[in-house]
Amino acid sequence: MHVLESEMKEFIIDSGLVAKKDIDAASEEAANKKQSLGSVLVSRGSLTEDALRRIQAYVLGIPFINLKEHRINTEVLALIPEPIARTHNIIAFQKEGDSLEVAMLDVDDLASIDSLRKKTGLKILARLTDTESIKSALLQYQKSLKDEFGDIISTEAGKIRVVSGNNKDLSGDELKKMAEDLPIVRIVDTLLRHAIVQSASDIHIEPMENEVLVRYRIDGVLHDAMTLPKPAAAGIVARIKVLSNLKLDEKRLPQDGRFKMETETERVSFRVSMLPTFFGEKTVMRLLRETGEGFTLDALGLHGENMERIHHALKQTTGIILISGPTGSGKTTTLYTMLDILNRPDVNISTVEDPIEYQMKRVNQTQVNPQIGFTFANGLRSLVRQDPDIIMVGEIRDSETASLAINAALTGHLVLSTIHTNSAAGAIPRLIDMGIEPFLLVSTIRVIVGQRLVRKFCEKKEEYTLSKAMRAKIASEDDFNIAFKALQDEKLVKSGSTLDTIPFYRPLPSDECEDGYKGRIGIHEVLAVSPTIRETILRSSTTDAIETQAKKEGMLTMFQDGLYKAGRGTTSIEEVLRAISE
């Protein structure tokens with residue numbers, strides 16, 4: 001189905017979505033480049049793809065379907081498997097007699113329509129929809145999958161073979177036999193798939209006195225997922241050990257391993273940690289998605305002056321860029337995002353990590369192995385002999401690694417690394433405590449990024465305004481004013497708005513989002529080492545002195561950046577306070 005350019009232009013003008021002068025300029029560009037007017041308007045940012053689809057649907061006389069508030073029957077939804085729905089952006093939403101209505105982003109995708117017709121034996125009626133509708137429908141797949149997984153777990157748990165005797169006395173052969181028991185295999189496989197569907201970052205399998213508790217960490221918060229009968233404990237642990245190539249009969253010492261799993265849509269690596277506890281071995285698995293889409297600094301939550309400072313540092317050919325924060329604050333993801341920006345054919349990038357969490361093309365990644373004496377320091381020593389332009393050190397943990405990183409930066413390399421401190425300014429005293437001289441720090445460090453992760457709202461949220469008295473209980477008026485100014489500078493508040501009228505938001509729980517949140521975003525403080533900051537470091541290396549000077553130079557603290565994102569409607573003030581206090 002084709003839309004005439006003259007008709008498309010006329011309807012876009014009538015819609016009032018784009019100014020007449022922009023349409024004329026786009027028409028001229030479309031004629032010169034032999035492209036459609038719609039695609040040029042989208043590439044220029046004058047029109048969104050979804051708005052263009054609505055116009056096309058109107059011109060072609062095709063019904064436009066909004067699935068965001070539409071609860072689809074599970075049996076109808078299942079007519080198109082979730083991987084196919086996600087890959088081809090096609091959702092079955094209504095069936096009447098021998099006709100099936102499907103919502104699509106591209107109704108000209110005749111191959112998908114024909115394939116679906118052959119598979120279902122039904123007449124396919126294509127309807128246009130938008131990206132948000134597709135996302136909403138895909139969430140409904142997840143809901144039905146959760147129910148399905150729950151049924152599998154409860155069914156298989158009843159089939160577990162109970163082994164007589166104390167599980168602690170079982171031999172390696174007996175444990176291996178348990179690990180191959182079909183109900184155990186299905187339970188573990190289901191647990192892993194369930195965690196992937198839930199977008200969990202960690203799985204905790206904790207033996208209790210009379211049962212086994214399974215918890216998932218989702219968006220930074222642990223949730224009880226299910227309880228399993230106590231007899232399942234030994235078999236589940238044995239199964240995970242087999243997958244991770246760990247010693248089956250070693251139950252007294254901690255063990256670490258790794259394995260991979262592929263679903264229809266992605267490949268996930270599981271980092272396994274086993275720890276002996278009073279009631280048996282506790283298992284924690286970190287999920288590392290290897291096939292996820294690449295991040296951008298904008299998607300991580302960086303904006304305005306913060307982003308400009310990072311881009312400026314990334315353009316340097318020497319020096320150190322540090323990411324600071326506690327465990328689980330997203331430091332590694334930020335590092336890899338920066339590496340992705342730097343990853344060009346004309347540079348050689350080498351890394352030394354523990355462990356390698358994401359695999360990157362054209363990057364030489366090395367994993368440390370302390371058991372054989374291959375530490376960060378030894379790895380870094382070897383890397384500088386590999387003619388690198390850019391070096392990434394997973395973490396600066398000790399004085400030796402810190403010294404080598406400083407030397408690498410002084411000898412013509414750009415070094416990226418992480419450090420465990422509570423703030424960006426706190427990284428300087430930490431490095432001095434490791435024995436690094438202040439004059440070496442001011443010569444090499446370009447920028448320090450402090451960060452935390454906060455949960456983002458789902459689509460639905462409740463609006464409210466904060467009175468001056470309520471604000472005073474949360475933070476100083478200066479903090480709110482600085483966040484408000486950042487919103488004004490980026491033109492994210494209406495003209496004439498004041499701090500007293502700007503809306504804030506609370507989460508609204510729904511079927512798709514049980515607590516009103518879905519996904520996470522970073523709150524950051526970006527400390528650029530300016531000439532005055534260098535003088536402050538040389539004169540007084542305390543965290544407070546460095547942070548005070550950085551704030552004078554316009555640095556948004558993590559808390560102020562959190563208030564900015566709360567004012568923008570991305571998250572709640574309560575969530576910001578939770579993240580900062582951790």
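Miscellaneous remarks
- Asp398 meets each of the listed conditions (1) more than 30 Å from Ser581 (Cβ to Cβ); (2) surrounded by fewer than 18 Cβ atoms within 10 Å (Cβ to Cβ) apart from (1).
- Residue list for the stretch 210-241, filter: of a type in the set (S, T, N, Q) and under 29 Å from the mean Cα position of the chain (by Cα): Thr227
- Of Thr366, Thr351, all but one fail to be among the polar types (S, T, N, Q) and open to solvent by 30 Å² or more (accessible area, probe 1.4 Å); the exception is Thr366.
- Scanning the stretch 305-321 for residues that are in contact with an Asp or Glu (Cβ under 9 Å, 6 or more places away or on another chain) and open to solvent by 60 Å² or more (accessible area, probe 1.4 Å) turns up Glu305, Thr317.
- Some residue of the stretch 476-484 being under 30 Å from Met338 (Cα atoms) and open to solvent by 40 Å² or more (accessible area, probe 1.4 Å): yes
- Any hit, the stretch 313-323, residues being in contact with a His (Cβ under 7 Å, 6 or more places away or on another chain) and assigned to a loop (DSSP other than H, G, I, E, B): yes
- Of all the criteria given as (1) within 23 Å of Asp433 (Cβ to Cβ); (2) open to solvent by less than 40 Å² (accessible area, probe 1.4 Å); (3) at pLDDT 90 or above, the one not satisfied by Ser541 is (3).
- Any pair with Cβ under 6 angstrom, 6 or more apart, that starts in the stretch 225-249 at a residue that is in contact (Cβ under 8 Å) with a residue 12 or more places away in the chain and closer than 14 Å to Phe279 by Cα and ends at one that is open to solvent by 10 Å² or more (accessible area, probe 1.4 Å) and of a type in the set (Val, Ile, Thr): Pro231/Ile160; Pro231/Val162; Ala232/Ile160
- Filter pass, Leu302 being open to solvent by less than 30 Å² (accessible area, probe 1.4 Å), touching a Gly at 6+ places or on another chain (Cβ under 9 Å) and not polar (S, T, N, Q): yes
- Matching entry among Val268, Val272 (being touching a strand residue (DSSP E or B) at 6+ places or on another chain (Cβ under 7 Å) and either acidic (Asp, Glu) or touching a residue at least 40 places away in the same chain (Cβ under 8 Å) (or both)): Val268
- Whichever residue in the stretch 564-578 is among the small types (Gly, Ala, Ser) and in a helix (DSSP H, G or I) and, among such residues, is surrounded by the fewest Cβ atoms within 10 Å (Cβ to Cβ): Gly567
- Listed by position, the helices (runs of 4 or more DSSP H) enclosed by the stretch 430-499 that each have at least 2 residues that are touching a residue at least 40 places away in the same chain (Cβ under 8 Å) and in contact with a Gly (Cβ under 8 Å, 6 or more places away or on another chain) are 477-489.
- For Leu383: the one exception among (1) surrounded by 20 or more Cβ atoms within 10 Å (Cβ to Cβ); (2) under 21 Å from Val529 (Cα atoms); (3) more than 22 Å from the chain's Cα centre (by Cα); (4) of a type in the set (A, V, I, L, M, F, W, C): (2)
Residues are listed down the side, and each one gets a yes or a no for (1) part of a loop (DSSP other than H, G, I, E, B); (2) at negative phi; (3) aliphatic (A, V, I, L, M):
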site: Ala545; (1), (2), (3): no, yes, yes
site: Thr548; (1), (2), (3): no, yes, no
site: Lys551; (1), (2), (3): no, yes, no
site: Gly554; (1), (2), (3): yes, no, no
site: Phe559; (1), (2), (3): no, yes, no
site: Gly562; (1), (2), (3): no, yes, no
site: Ile580; (1), (2), (3): no, yes, yes
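- The number of residues in the stretch 547-563 that are open to solvent by less than 10 Å² (accessible area, probe 1.4 Å) and out of contact with any strand residue (DSSP E or B) (no Cβ under 7 Å at 6 or more places or on another chain) comes to 2.
- Only a single item in (1) part of a loop (DSSP other than H, G, I, E, B); (2) within 32 Å of the chain's Cα centre (by Cα) is not met by Leu253, and it is number (2).
- The one condition in (1) at pLDDT 90 or above; (2) assigned to a helix (DSSP H, G or I) that Lys282 fails to fulfil: (2)
The values are calculated or read from the model by the stated rules, or taken from the named source; none is laboratory data. The shown structure was predicted, so the numbers you read here are calculated from the model rather than taken from an experiment. All Cβ positions, glycine included, derive from the backbone under ideal geometry; neighbour counts span all protein chains shown. Please note that ligands, DNA and RNA were not included when accessible areas were found on the heavy atoms of the full protein model with its side chains. Shrake-Rupley method; radii C 1.70, N 1.55, O 1.52, S 1.80 Å.
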